[in-house]
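As structure tokens, the structure follows; a few thoughts come after it.
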Amino acid sequence: PEDVYSAVLPKDVHEGQPLLNVKFSNCNQKRKVQYESSEPADFKVDEDGTVYAVRSFPVTAEQAKFLIYAQDKETQEKWQVAVNLSLEPALSEEPVKDPLAIEEIVFPRQLAKHSGSLQRQKRDWVIPPIDLPENSRGPFPQELVRIRSDRDKNLSLRYSVTGPGADQPPTGIFIINPISGQLSVTKPLDRELIARFHLRAHAVDINGNQVENPIDIVINVIDMNDNRPEFLHQVWNGSVPEGSKPGTYVMTVTAIGADDPNALNGMLRYRILSQAPSTPSPNMFTINNETGDIITVAAGLDREKVQQYTLIIQATDMEGNPTYGLSNTATAVITVTDVNDNPPEFTAMTFYGEVPENRMDVIVANLTVTDKDQPHTPAWNAVYRISGGDPTGRFAIQTDPNSNDGLVTVVKPIDFETNRMFVLTVAAENQVPLAKGIQHPPQSTATVSVTVIDVNENPYFAPNPKIIRQEEGLHAGTMLTTFTAQDPDRYMQQSIRYTKLSDPANWLKIDPVNGQITTIAVLDRESPNVKNNIYNATFLASDNGIPPMSGTGTLQIYLLDINDNAPQVLPQEAETCETPEPNSINITALDYDIDPNA
């Protein structure tokens, strides 16, 4: 019976709180109708038409309008009614301030005659941005503008704003009186967080129908000088070589301002407040006031006299204005670095070492040097290289970072039977070249004598595996082949003995002294121990060194087939019936030999 239902509510509603009743006039008493809400998360409707809150929440402008649907359960026919909720007394009874004191923004309209009636025309309309300084002290809410439609003379309108800052995060910064259209800000703004807000203003009638196209409202937050410059680091570390000429670049310090970089608030200038120590001159350095580059302006940097300078750097905004600008300071620590005017010198002309053969990653000699430059700097850190005596690259020299010693290491295996001794020529340098005019003395070169120690090595069979071809059926006691191993230790008097390690069919034996392999059973190609006509047996060769060493070898016997298996008739016994019609049985044969013996 109604197009719109209205209800007046307090600002906060509670879960299960009845709000109003809607009535559906059912002309056909047989209709079964169910109710639904367009906002089911906030409102629901009982079968008797009671509208209640699903949860507890403060009613906002967006929740103040929603629809109720009545749907026939059988025909699915649907009706709807609008519900408008208003807050009392805060919004509806709030006195509206004098509209002449606040700027008014009117929804654009243009009327043109068409067929005897007024028609609404679309046209471009640009609303000037609203400039609002940050950090305002209020009082809040602070009125900004009034949004108005000239259709409010004939209709009862409701105004709202949407967008970030209104109904989207951060919500509640801007509010509008839905009756008067007064747009206000509720708290101070911070340009460094959000520099611009883009809102949309809407006007609807009491049924929620749009009566005006939304208009865009841009609010620019005006920057205030409320942020001191901040250095990226509180302590900056730089270095400059001793003896550097004036104008030598040292380092760059950087500060940033959170204020608008295009305004004076964000324009920074640098200067040096103090230098410690002040010798040999109190102004050894200067700074570019715009870029923060620090350079030398005086000669006389001497590491042996002053190893470090400490500068206090100041950054000021407002282009460095000492009266109005905000300032901050940081510390620049400049280390005077040593130049490489002392080469490394070996403590001995010859170093000695030894290494067992076939060993890798072992240190064979420790090379020591002296260097008068500042320890643990590129001018003191030694770099060793092998300049002779190692054509195959079997050695490398790593530098101990703590002691600066050179550690001669074996990186490729060495065979005693090939090389018993190496005499290496090594040179020591620094990580950086020597200063101009300084030469390396003879003490920067030394000799390293490395003795190789013989160790017992494994005997090895060659070839491995060894392959022979032999007919099956060979009788026991037949000598097949000799399978011997070699001892790589040519300079050790050692003997090798042989044993059988694996013989699955137990067909073979090996002479422990000379390695002769003899059959002790008949070789049978059809044995299950033969795979693809090949029989594998493994033998062990052991020496009598200290400690004893051993090696294995595999003998592969390729067995040739002989006709040693008669064919078998299958089946062994068969029956056939005497019938008028011809019939037959199938008799086959099986032979374990291979072609042509099968």
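A few notes on this one:
- Based on C-alpha pairs under 8 angstrom that are at least 6 apart in sequence, the stretch 508-598 has a relative contact order of 21 percent.
- Lysines with Cα under 27 Å of K372, excluding same-chain neighbours fewer than 8 positions away: K245, K305, K436
- Taken along the Cα-to-beta-carbon direction at a fixed 7 Å, the label points for S25 and E354 span 12.1 nm.
- For the pair E192 and Q431 in one chain, pulling the backbone fully straight at 0.36 nm per residue adds 81.2 nm over the alpha carbon distance.
- For a straight C-alpha distance cut-off of 24 angstrom, the lysines reachable from K509 (same-chain residues fewer than eight places away being disregarded) are K466, K500, K531.
- V455-A476 FRET efficiency (beta carbon distance; Förster radius 35 Å; 0.05 resolution): 0.25
- Set of the stretch 18-59 residues, backbone N closer than 13 Å to the point 7 Å along the Cα-Cβ line of E74: 28-33
- Label-zone membership for the stretch 337-365, site A396, 7 angstrom Cα→C-beta point, backbone N under 20 Å: 354-365
- Close lysine pairs were tallied over the stretch 4-87: pairs 8 or more places apart or on different chains with Cα atoms under 30 Å apart number 20.
- Between N289 and H376, the C-beta separation translates, for a Förster distance of 30 Å, into a calculated FRET efficiency of about 0.25.
- A simple packing score, the average count of other Cβ atoms within 10 Å per residue, orders the peptides 419-426, 6-13 as 419-426, 6-13, with the highest score first.
- Relative contact order, percent, the chain [alpha-carbon distance under 8 Å, six or more residues apart]: 7
- Rounded accessible area of H14 (nearest 10 Å², 1.4 Å probe): 110
The values are calculated or read from the model by the stated rules, or taken from the named source; none is laboratory data. These numbers were taken from a predicted model, which means no experiment stands behind them. So basically every Cβ, Gly included, is an ideal-geometry build from the backbone, and we count neighbours across all protein chains shown. What goes into the accessible areas is simple: the full protein's heavy atoms, side chains included, and nothing from ligands, DNA or RNA. Shrake-Rupley method; radii C 1.70, N 1.55, O 1.52, S 1.80 Å.
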